[in-house]
Every structure is written in structure tokens, then in C-alpha cells.
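Take a look at the structure below.
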Amino acid sequence: MAALTSKDEPRTAEYAGDEVSAVVLDPGYSSTRAGFAGEDTPKSIVPSYYASYKGSRLFGDHVIDVPREDVAIKNPYARDGIVEDWDAAEDLWKYTFASKLTGVRPNRALQQWLNDHTAVPNLQKAMAEAEDTERALEDHPLFMSEPNWNPVKNREKAVEIALEKWAAPAFYISRSSVLAAFSMGKSSALVIDVGASQLSVAAVHDGMILKKSITRSNLGGNYLSSQVRNVLASHDPPVTITPHYMVKSKQPVEAGQAANAVLKQFPQGYKQPQESFRRYQEEKTILEFKELCLQTWTSGTPFRGQGEAIAREQYVHPFEFPDGYNQTFSSERFKIVETMFDPQCHTPSPAGSMDAQTYPAPEQNQTIPGLVKMCIGQCDVDIRPMLLSNVVITGSGSLIKGLPDRIQGELTRVYPSSKVRVNAAGMPVERKFGSWIGGSIVASLGTFHQMWISKKEYEEHGAGIVEKRCK
């Protein structure tokens, strides 16, 4: 195998894949998206969480919601969105495209035996040894997105899985912020990505990410979920979430009255699911609460103090929990989101809890304005005005009502002499799947075909080619 030095540029690939669509795979901490290049939205959206049950991994939305005995819910990613468990990640990715897009490959041993019995003398042995789903991408090149801070060894591991294990004819991997910018029709932009595990800001210039500009903190969707938990726990009276799977039936009650629900009875000797399962089910209710109730404070008055008093009187919103308990929420709805701008609005987790360690009170430089300031400060002075006039907001967490308007206001205040323009896709699906849509656009361009890493090049240069080609 010829070693690829930093001075050698790899030859442009001669992969002519016009006749087949590439599979675009966009893995994230909360969900993994897959679909064919050139399409508007991903066809397959699978939770990145999986059920660990009796030594096997179960994937898929409704499959992992079943309260099996002693089941645990796990995630192949670390808190920063980087793959931690490669075996689980590989199974998850394969399930995401094989379940809805490419299908399971037919067993070759059985095919050969049907064509010619003598070619496979021991069918049972050959069937046992056959790798049914391994060559899942034999007919499709794979285009992947990755976190902006993905380490080199993880990029090399991804190309190895795609080209060796799944037998894809070609491969490419691209930073998620670059793809989010492309999804908005921009080759240069300041991308604010509010993901599940991370809130990140990065500068993209001429289709390339400026690595020194990448700033991030953990004030993403999971942090907001933790804040919802803390607010519910500190409510008067405290609100306990009873997950859907535990409720058999419920009767309507007045706001603030105790729930009138009949809980499900499990058989005697039934071993309850592990704590991670219950927490995952509670998170589903919290997600619903975030979608329906959370709102960004966009009034000109500061939220702390006067704004909080106004919200308490004028912005009341009801919410019903799975067991029928319902309550109205007012200033809390704004205070939770306000922590992304003002750390003093943080509601602390109970002392000694896991959340208290994971989500301590944030610093000012971890907020959205703080991250933007650091990111812009790392960029060349000449391109700063262009970046501020092309701010792109993406990620599921950015769907909170009023967030783009608030970011526009904050950045205009921080940079009064620059023209700030915030771009946020109007359709929720476009903001949710910004990176996937960008990948779908890029992978379907005729001019992109020379960028693919072909199997032949990979065999010649090794996994190191990914760092040279996919910049």
C-alpha cells in the first residue's frame, strides 16, 4: 500500500456513479437520518438511542419503547456527539439505511446453491458463514456528515467501515456546518447549530470550515431538557412525570389537581426496566413540553426582573402530562430558553445528581452570544462583515419559537456597526435536517463526482486519504 504523505495530493477519483443514487447518512446524538441524494428530506429517521436487551441491540422508534424486562436504553455517542461505541454505531447506521432504503442483501450462499448445487457442497455451513447484511452498500456510494470537531481517527474508521465492511463503491465525509450552509444556498456563512448534545458556532468560507473558528458548549437540546426537569421539580407543588407506558387509563382533572389515573399492573415476578428506560420515556414527555411550551423572550425589555413579571401575567400556557395532571406555566417557559443568553437564569439541578455534574451553571462564553463572539474573534477581520450578514441557524433546538429573532437582536446589539442578517429556514423540516439536506444537494451534483474516494484509491493510499480529500 502506497503511503500518502502530506505533500502528495491524491488523484481525483474516477468514480462514475451517475446511474445510482448515493446514500446520504447524517448521524446525530438524538437521531440518525438517511436517504438518497437528490431527495428533499431523509426517508429513514431512526432514534440514535437503542434498547439493550438480553445481550442484543434493538433499534427503531416503537421497538425501543416496549417495556421489556430489565431492558436498558443506551446511546453509541459520548456527550460531545463523538462515537464512543463503534460496534453499536455501526449497527445503528446499517439499520438506518438497510431498514428503509437499501434493504437486506440476499444471502449469496443460498443463491449459489440454487443455481448450482455442486458449487456449495455444504449449504448449512455456508449459510452460517455468509454475511447477510454486511455488503449492504454494494450498489450505493456513501456520503456522510460528521461533527465539526470529529477527530481524524474517527473519520478513518468511518471510511474503513463503508468501503471494507459495507462494500460501498465510493465514500465522502463532510462537516455538518458546511452542509447546513449549503442547504441554505450559501458557500460562506456563520453557522449556529443547536443540536441535542451540543450548541456550536462555526465559520464556513468558500465551502471550507475554518477549524480555528469552531466554538461549542453543551447548552443544546439535552441541556434545555435538564432545565425543564429542574423547573418541574422546583414547581409548587413539584411535578413528577409518569411515563406513558405506566398509565393504563386517566380521567380529566382541573388544573393543579392531583392526577386521577389508573397505573398499569405488571405480572408478578416481572423485572422492571432499568432506570435508563424510564428516563428515556420521561424525555419524550419533556420533548413534547419543549415543543409546545418553550418560547424565547423577544420583547425589548430585559427578561430578568421586569420581563419575568410581564411573562407571569400575560403569557400563560397549559400543559397536560401523560397521567392527566395538568398545570399552567408562564415565566418558566421563557426562563429556560433565556439561559442560552443569560447564565443567571440557570435553574440548578439537585446537588449530587448526574445532571448537576453534566450541566453545571453555564459561563457567559458558553451562551449563544458568547460563542459567536469567540468564533468571530478567531476569523480574519476582512471576512467578519460577510459572516455576520450570512448567519445560518440550524438544528432541532433552533425550532423554539422566536429564537431566530432573538439571535438577530442580540448580534445586532453586540455588533452595532455591522449589518447582521440571520437566515433560518421557514419550514421546520428544513431546519431540523439542514445537514442532511445539504449533503443531499452536494452528493447529487454532477461536478461532485470527482471528489468521491473510490475503493481503488482507498486500497492504494489507505484510510489516510480521507484527511487529504475531505477537508
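The values are calculated or read from the model by the stated rules, or taken from the named source; none is laboratory data. Every value quoted in this text rests on a predicted model; they were computed, and no experiment measured them. Here Cβ is always computed from backbone atoms with ideal geometry, including for glycine, and neighbour counts include all displayed protein chains. Surface areas here come from the heavy atoms of the whole protein model, side chains and all, with no ligands, DNA or RNA. Shrake-Rupley method; radii C 1.70, N 1.55, O 1.52, S 1.80 Å.
Table for the structure above
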{"read-out": "Filter result for LYS153 (without any contact (Cβ under 8 Å) to a residue 40 or more places away in the chain and surrounded by fewer than 18 Cβ atoms within 10 Å (Cβ to Cβ))", "value": "yes"}
{"read-out": "Selection within the range 341-355 - open to solvent by 30 Å² or more (accessible area, probe 1.4 Å) and in a helix (DSSP H, G or I)", "value": "GLN344, MET354"}
{"read-out": "Elements of type helices (runs of 4 or more DSSP H) in the range 102-214, at least 2 residues being modelled with pLDDT of 95 or more", "value": "152-160, 176-183"}
{"read-out": "The range 404-434 - residue that is touching a Gly at 6+ places or on another chain (Cβ under 8 Å) and open to solvent by less than 20 Å² (accessible area, probe 1.4 Å) and, of those, farthest from SER174 (Cα to Cα)", "value": "ALA425"}
{"read-out": "Residue check, GLY207 over 24 Å from CYS470 (Cα atoms) and not charged (D, E, K, R)", "value": "no"}
{"read-out": "Scan of the range 240-266 for residues that are open to solvent by less than 90 Å² (accessible area, probe 1.4 Å), closer than 22 Å to PRO67 by Cβ and assigned to a loop (DSSP other than H, G, I, E, B), ordered by number", "value": "ILE241, THR242, PRO243, ALA259, PHE266"}
{"read-out": "Selection within the range 188-234 - in contact with a His (Cβ under 8 Å, 6 or more places away or on another chain) and open to solvent by 10 Å² or more (accessible area, probe 1.4 Å)", "value": "SER188"}
{"read-out": "Selected residue (criterion: nearest to LYS419 (Cα to Cα)) from residues of the range 379-403 that are β-branched (Val, Ile, Thr) and surrounded by fewer than 19 Cβ atoms within 10 Å (Cβ to Cβ)", "value": "ILE383"}
{"read-out": "Hits in the range 449-471 (condition: open to solvent by 10 Å² or more (accessible area, probe 1.4 Å) and within 25 Å of the chain's Cα centre (by Cα))", "value": "GLU467, ARG469, LYS471"}
{"read-out": "Unmet requirement for PHE303, which otherwise passes all of (1) at positive phi; (2) buried (at least 20 other Cβ atoms within 10 Å of the Cβ)", "value": "(1)"}
{"read-out": "Filter result for the condition that a residue is surrounded by fewer than 20 Cβ atoms within 10 Å (Cβ to Cβ) and touching a residue at least 24 places away in the same chain (Cβ under 8 Å), over GLU291, GLU332, GLU338, GLU313", "value": "GLU291"}
{"read-out": "Which numbered condition PRO322 fails, given (1) surrounded by 15 or more Cβ atoms within 10 Å (Cβ to Cβ); (2) out of contact with any Leu (no Cβ under 9 Å at 6 or more places or on another chain); (3) farther than 20 Å from PRO238 by Cβ", "value": "(3)"}
{"read-out": "Options TYR280, TYR325: the member that is in contact with a Ser or Thr (Cβ under 9 Å, 6 or more places away or on another chain) and at negative phi", "value": "TYR325"}
